[in-house]
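The values are calculated or read from the model by the stated rules, or taken from the named source; none is laboratory data. The structure presented is a predicted model; accordingly, all values stated were derived computationally and were not measured. Using ideal geometry, Cβ is built from the backbone for each residue, glycine included, and neighbour counts are taken over all protein chains shown. Side chains are part of the model used for accessible areas, which takes the heavy atoms of the whole protein and leaves out ligands, DNA and RNA. Shrake-Rupley method; radii C 1.70, N 1.55, O 1.52, S 1.80 Å.
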Amino acid sequence: MIKVSVIVPFYNSERYIKGCIEGLLQQSYPREQYEILMIDNNSTDTSAETVRQYPGIQLLHETMQGSYAARNRGLREAKGEVMAFIDADCVPSHDWLHEIMLAMEKPDLSIVLGRRTFAGDSILLSLFADYEDEKHKYVFTSDKQEIYYGHTNNMAVKKQLFDELGLFVERLRGSDTIFVRHAVNTYSCEVVRYCPRIQVRHLEIENLQQLFQKFSIYGRTNIGTRHVVCQKTLTAKEKFHVFRNVVRHQEYSWKESIVLMGVLGMGVVYWVLGKIKLSGRERDSVE
């Protein structure tokens, strides 16, 4: 019996997709209890050919461009009770599915989000990963619905919730946050939890410059999502609270604390620039 369906959209991911596949096939969770659905979203490279080399994986195709359209294609074919989402440029930890299903045993929990680390092992990326971990803990134990968000490169959802709320809105960006907000607005914040033991490694981020480029994308995404849901970022006071907690919990030196503060400051700059540089045409596409 299939208990969990792993859904992986991909578009021109030949550089990373094999690592993702190998990680999914080497899970500690019983292989007969999960299926892997990989959805080709009009790739023009060798990504689909790589997937075809693994007969245990179901290869689907979605012609409507966009990762959420591709995820919805997977959802329509999925047989599991839990939908586990990961991106083709991410590699899950060996116990990824085990930890997801362990968290999902809680009856009133419907969405779990996990921790993301990076391909690069630099101290700068490690500091930021620690901060993100602390931020997730703060957000997903809060009762402030407007600060909740989603990230489908490491997220799992009970199928029943999709049956009740519908599939992802098919937009270019931000539909994971829209779905999570729909869930907490319909039920309560208790349906969502963050579990740091559910881990993936984001292969696309190898250095700080690539991380900052992601911040710019997140800034553009925020422009589009806020027209659909009342999405708020953490206040300066809340960010400092998270910063103080991560410094204390990780026992950072004063030098490491200053470096982390600098990384976060540059991240804010790139995030704001992403919003400012959003052209009218791009604005229409995300809205």
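Identify the residue in the stretch 107-120 that is touching a residue at least 40 places away in the same chain (Cβ under 8 Å) and in a loop (DSSP other than H, G, I, E, B) and, among all such residues, is farthest from VAL192 (Cα to Cα).
GLY120
Keeping to the stretch 153-166, report how many residues are farther than 18 Å from HIS98 by Cα and buried (at least 17 other Cβ atoms within 10 Å of the Cβ).
Number satisfying all stated conditions: 2.
With respect to ARG181, determine if the residue is in contact (Cβ under 8 Å) with a residue 24 or more places away in the chain, open to solvent by 70 Å² or more (accessible area, probe 1.4 Å) and among the basic types (Lys, Arg).
no
Go over the candidates HIS249, HIS227 one by one and state the one that is modelled with pLDDT under 90, over 20 Å from the mean Cα position of the chain (by Cα) and open to solvent by 80 Å² or more (accessible area, probe 1.4 Å).
None of the others qualify; the one that does is HIS227.
Can you name the residue in the stretch 87-106 that is aliphatic (A, V, I, L, M) and under 11 Å from GLN199 (Cβ atoms) and is also farthest from the chain's Cα centre (by Cα) among such residues?
Result: ILE100.
Name every residue in the stretch 252-270 that is open to solvent by 40 Å² or more (accessible area, probe 1.4 Å) and of a type in the set (Ser, Thr, Tyr), in order of residue number.
Result: SER253, TYR270.
Within the stretch 9-38, take every residue that is in a helix (DSSP H, G or I), touching a Leu at 6+ places or on another chain (Cβ under 9 Å) and of a type outside the set (A, V, I, L, M, F, W, C) and give me the one that is surrounded by the most Cβ atoms within 10 Å (Cβ to Cβ).
Result: GLY19.
In this structure, does ASN41 turn out to be within 30 Å of TYR187 (Cα to Cα), of a type in the set (S, T, N, Q) and either under 16 Å from the mean Cα position of the chain (by Cα) or surrounded by 16 or more Cβ atoms within 10 Å (Cβ to Cβ) (or both)?
no
Of all residues in the stretch 261-281 being farther than 23 Å from LYS232 by Cβ and assigned to a helix (DSSP H, G or I), which is modelled with the highest pLDDT?
Among them, the one singled out is GLY262.
Just give me the residues in the stretch 134-146 being under 26 Å from GLY262 (Cα atoms) and open to solvent by 10 Å² or more (accessible area, probe 1.4 Å), in sequence order.
Passing the criteria: GLU134, LYS135, LYS137, TYR138.
Which of (1) closer than 25 Å to ARG173 by Cα; (2) surrounded by fewer than 21 Cβ atoms within 10 Å (Cβ to Cβ); (3) in contact (Cβ under 8 Å) with a residue 24 or more places away in the chain is the odd one out, the single condition ILE123 does not satisfy?
(1)
Which condition does ARG220 not pass, out of (1) at pLDDT 85 or above; (2) open to solvent by 30 Å² or more (accessible area, probe 1.4 Å); (3) part of a helix (DSSP H, G or I); (4) over 30 Å from HIS94 (Cβ atoms), if it passes all the others?
It fails just one condition, (1).
Please count how many residues of the stretch 60-100 are under 18 Å from SER28 (Cα atoms) and assigned to a strand (DSSP E or B).
8
Please work out if GLU105 is of a type in the set (Asp, Glu) and over 27 Å from LEU260 (Cβ atoms).
yes
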